[in-house]
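To keep things clear, I will list the structure first and then write my remarks on it.
What follows is calculated from the coordinates using simple rules that are stated; it is not laboratory data. From a predicted model like this one, the values you see are computed outputs, not experimental measurements. Counting neighbours? That spans all protein chains shown, and the Cβs are built from the backbone with ideal geometry, glycine included.
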Amino acid sequence: MTGTDPAVDRVRITSPHTTARPRRRRTVVQEIDEETAIGEVYVRSLVRSQLRLALVVAAVVAAAIGGLPILFMVADLEAVQVGPLPLPWWVLGVGVYPVLFLIGWAFVVASERNERAFSDLVERP
Amino acid sequence: MSSTYAAVAVAVVALATLGIGLFGLRFSRTTSDFYVASRSVSPLWNSSAIGGEYLSAASYLGIAGLILTYGADMVWFPVGWTAGYLVLLAFVAAPLRRSGAYTLPDFTQMRVQSTTARAVASMLVVVIGWLYLMPQFQGAGLVLHTVTGAPTWVGSVMVAVIVVVNVISGGMRSITFVQAFQYWLKLTALLVPLVFLLHAWTDDGRPTPADAGASAAWLSPMAADAPGLALYATYSLIVATFLGTMGLPHVVVRFYTNPDGRAARRTTLLVLALLGVFYLLPTAYGVIGRVYAADLVATGNTDIVVLELPMRMIGGSLGDLLGALLTAGAFAAFLSTSSGLTMSVAGVLAQGSVGRRVLGPVAGLRAGAVVGTVFPLVLALASDQIAVASSVGFAFAVAASTFCPLLVLGIWWRRLTAAGAVAGMLAGGIGAGGAVVATIVRGSDDGWLDLLLSRPAAWSVPIAFATMVAVSLATQNRRPSNVARTMVRLHTPERLLLDRADGP
């Protein structure tokens, strides 16, 4: 058996329609997992919306709480006596805490909404 | 004050802490149990534990002492210590949990893929932990000395020993129980005596601090002679406390015990509520202290004002009992904060090369706990007493100047590089740390230099951020290759089945 038997070189020929990959829509999960440009856009949009939210919170805190020292300096709030102490004591010692909690609560609601929007986008059939 | 009641109170807290810790031992079997309680802690437990861990001697005793001495400007301390959690919630909480790291060095390595950056972060965790532990030990000595007359080293050594035993026996799971218990103990221990004190104050005709001779500078914020100095001091304190909380190693480690990122946010929100309730109390003690215990200012020993008030205003055996309850709360404060700090310092030391290779993770943690406690204990015994809240303030300034930029830029900025992270942490750490050392060495006076050194955050935090950004931009060719995957991991909700490159 030294020569080449022409029968061995035979190849099967089939219609291209049977082996071509079926056209399937790629899911967002695949796009993200494979780090395609489209996947990047999805993740970036989530990160950006969450960052925007965090910066809004920071700005609100900076204005509401960070503005107080200047307010105390400019306005004559200590002239207002409430019970045993001037007004600034009540603002700083009591009033600040519920405000911080409410800002935090609004943040949690909004950030969960951002995540839900992202999840809906990713899981869209 | 009757030393018997107080001694009994201290003994009860110590035994209860040890008892609950040993109870936790029955559940701690795996490495994951030891470090992060297997990530199965619910938001209410976790937030109580964070509150219990966070409210240290500085909050429990120190704030009232500072308010007694300096007045309105000091109310910024509790405000900042609470608001820090809001900043943490907005920028860090959920991504930090999703990072899946045990400790800050783990996070650093995960994000920038560099063992050098990890080593710098480990060093900073230990430095911040020790800065924070030292005043806890000193405070414990002071309190035990005040209430029982025992030499100051007794209280310090006692707290150190209990903490080490606790960490060695149960690790994080037992610490979670202990911390949660201690939040509620501390709240009760301040609240109940306050009710009696307010009653006594009403009976006394409700004298105000002004009636007791408080000055205008004490009564109103920003009323100091030099408005520029006062404004700088306040804003620097705001920067340090608002941004420093997220960089405290013992706080951050608690976020890994949440089941997922969403739970981490809810936990943080609950913490805001728990702290807001708690911090109403020390301020009240400081104000009442100004009426009834103003003479303490001259002695310089204002950290004990909280413990003194029941004796001065009520007296008798009721006064003794309330004093004992307050002492119990103070010990809860020392024990819980020291446990958390020791836990995180021990975790970092155990994960160092010696601990990991020679001893294995659990034995390494145990050895780390011993080593991590001995140094600050020696420091506490050897150095002079500084006001607890001030010296804790230094730890905040260093944390804000190092880990805050690392976490914020690491989570939100894709272009952070290992070189940038290292340079920024070193710049902030050397700046703030150097200022702290200079303050301790120089002593204090009233000038600008003193203020710039004792409240460094306002300049050291911007320097750290700027350095981290500038060096990262200069080393863009060495950006970690997996940053896209890391962003997916940090920011996407866990229930989406995405590839997060977080191993099996």
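Is there a simple number for the mean count of other chain Cβ atoms within 10 Å of the Cβ of residues in B:201-210, and what is it?
Numbers: counts 1, 0, 0, 0, 0, 2, 1, 5, 4, 4.
Taking the mean over all residues of the peptide, I get 2.
Taking the Cβ of A:A37 as the center, what net charge do the other residues with Cβ under 14 Å away carry, scoring Lys and Arg +1 and Asp and Glu -1?
Numbers: positive: A:R26, A:R44; negative: A:E31, A:D33, A:E34, A:E35, A:E40.
Overall, the nearby charge balance is -3.
Taking the Cα centre of segment A:26-123 as origin and charging only Cβ (+1 Lys, Arg; -1 Asp, Glu), how large is the dipole, in debye to the nearest 20? Write out the running numbers ahead of the final one.
Details: 6 positive and 11 negative charges, 60 e Å.
It works out to roughly 300 debye.
If a/c stays under 1.5 just call it rounded; otherwise compare a/b with b/c (prolate if a/b is bigger, oblate if not). Do that for segment A:26-123, with a ≥ b ≥ c from the square roots of the Cα gyration tensor eigenvalues.
Values: a/c = 7.42, a/b = 3.50, b/c = 2.12.
Taking the square roots of the gyration eigenvalues as a ≥ b ≥ c, segment A:26-123 is prolate.
Report the charge-dipole magnitude of the protein assembly as shown in Debye, nearest 20, computed about the Cα centre from +1 at each Lys and Arg Cβ and -1 at each Asp and Glu Cβ. Don't skip to the end; give the middle numbers.
Details: 42 positive and 33 negative charges, 604 e Å.
For the protein assembly as shown, the charge dipole is close to 2900 debye.
For segment A:26-123, with the dipole built from +1 on Lys and Arg beta-carbon atoms and -1 on Asp and Glu ones, taken about the Cα centre, which of A:Q81, A:A37, A:A110 lies farthest toward the positive end?
Result: A:Q81, furthest along the dipole toward the positive end.
For the protein assembly as shown, take the alpha-carbon Rg, divide it by the Kirkwood Rh, and send me Rg/Rh. Don't skip to the answer; put the middle values down first.
Details: Rg = 27.0 Å, Rh = 25.6 Å.
We get a ratio of 1.06 for the protein assembly as shown.
Treating the angle as unsigned and between 0 and 90°, give the value, to the nearest 10°, between the Cα long axis of helix B:361-382 and the longest Cα principal axis of chain B.
Between the helix axis and the principal axis of chain B, the angle is about 40 degrees.
Expressed as an acute angle from 0 to 90° and rounded to the nearest 10, what is the orientation of the C-alpha long axis of helix B:3-25 relative to the principal long axis of chain B?
Helix B:3-25 and the main axis of chain B meet at about 20 degrees.
Per-residue ellipticity at 222 nm for chain B, helices alone: DSSP H runs ≥ 4 residues times -39500 (n - 2.57), over residue total, nearest 500 deg cm²/dmol? Could the numbers behind the result be given before it?
Details: 23 runs with 382 residues, N = 504.
Computed ellipticity for chain B at 222 nm equals -25500 deg cm²/dmol.
Using only the C-alpha atoms of chain B, find the volume of their convex hull and express it per residue in Å³. Show your work: numbers first, answer last.
Working: hull volume 65.0 nm³, N = 504.
Once divided by residue count, the hull of chain B is 129 Å³.
Select from B:S481, B:V408, B:V253 the residue farthest towards the positive end of the dipole of the protein assembly as shown; place +1 on Cβ of Lys and Arg, -1 on Cβ of Asp and Glu, and compute about the Cα centre.
The listed residue farthest towards the positive side: B:S481.
Magnitude of the Cβ-charge dipole of chain B, K/R +1 and D/E -1, about the Cα centre, nearest 20 debye?
Details: 29 positive and 20 negative charges, 508 e Å.
Here the size comes out at about 2440 debye.
What relative contact order, as a whole-number percentage, does chain B give when Cα pairs under 8 Å and 6 or more residues apart are counted? Before the final figure, lay out the partial values.
On the way: 912 pairs, mean separation 146.1, N = 504.
With pairs under 8 Å counted, the relative contact order is 29 percent.
Given points 7 Å out from each Cα along the Cα-Cβ axis, report the B:T208 to B:A438 separation in nanometres with one decimal.
It works out to 4.2 nm between the two label points.
Arrange B:H199, B:H250 by Cβ neighbour counts within 10 Å, fewest through most, would you?
Working: B:H199 12, B:H250 28.
Lowest count first: B:H199, B:H250.
Highest first, please rank the peptides B:182-193, B:398-409, B:102-113, B:287-298 by the mean number of other Cβ atoms sitting within 10 Å of their residues.
Working: B:182-193: 21.7, B:398-409: 28.5, B:102-113: 23.4, B:287-298: 19.8.
Highest-to-lowest ranking by the protection proxy: B:398-409, B:102-113, B:182-193, B:287-298.
Where does each of B:V306, B:V12, B:V157 land when they are ranked from fewest to most other beta-carbon atoms within 10 angstrom?
Values: B:V306 32, B:V12 13, B:V157 18.
Ranked by crowding around the Cβ, least crowded first: B:V12, B:V157, B:V306.
So what is the relative contact order for segment A:26-123, in percent, with contacts set as C-alpha pairs under 8 Å and at least six apart?
Details: 47 pairs, mean separation 35.0, N = 98.
Across segment A:26-123, relative contact order equals 36 percent.
From the residues B:I128, B:T17, A:T14, which one has its Cα farthest along the dipole of the protein assembly as shown in the positive direction, the dipole being from +1 and -1 charges on Cβ of Lys/Arg and Asp/Glu about the Cα centre?
Most positive-ward Cα: A:T14.
Provide a whole-number value for the mean count of partner chain Cβ atoms within 10 Å of the Cβ atoms in peptide A:80-92. Show your work: numbers first, answer last.
On the way: counts 0, 3, 0, 2, 10, 10, 8, 1, 8, 10, 0, 3, 9.
Average neighbour count from other chains, rounded to a whole number: 5.
How shielded is A:103-115 by partner chains, expressed as the average number of their Cβ atoms within 10 Å of its Cβ atoms?
Numbers: counts 5, 15, 4, 0, 7, 9, 2, 0, 7, 6, 0, 2, 10.
Per residue, the number of nearby Cβ atoms from other chains is 5 on average.
Any chance you could give the angle, 0 to 90 degrees and rounded to 10, that helix B:280-292 forms with the longest Cα principal axis of chain B?
30
Cα convex hull of segment B:404-504: how many Å³ per residue? Kindly include the intermediate steps, with their values, before the conclusion.
On the way: hull volume 12.5 nm³, N = 101.
With only Cα atoms used, segment B:404-504 gives 124 Å³ per residue.
What is the packing order of peptides A:97-107, A:59-69, taking the mean over residues of other C-beta atoms within 10 Å and listing the highest first?
Values: A:97-107: 18.3, A:59-69: 16.4.
Ranked from most to least packed, the peptides come out as A:97-107, A:59-69.
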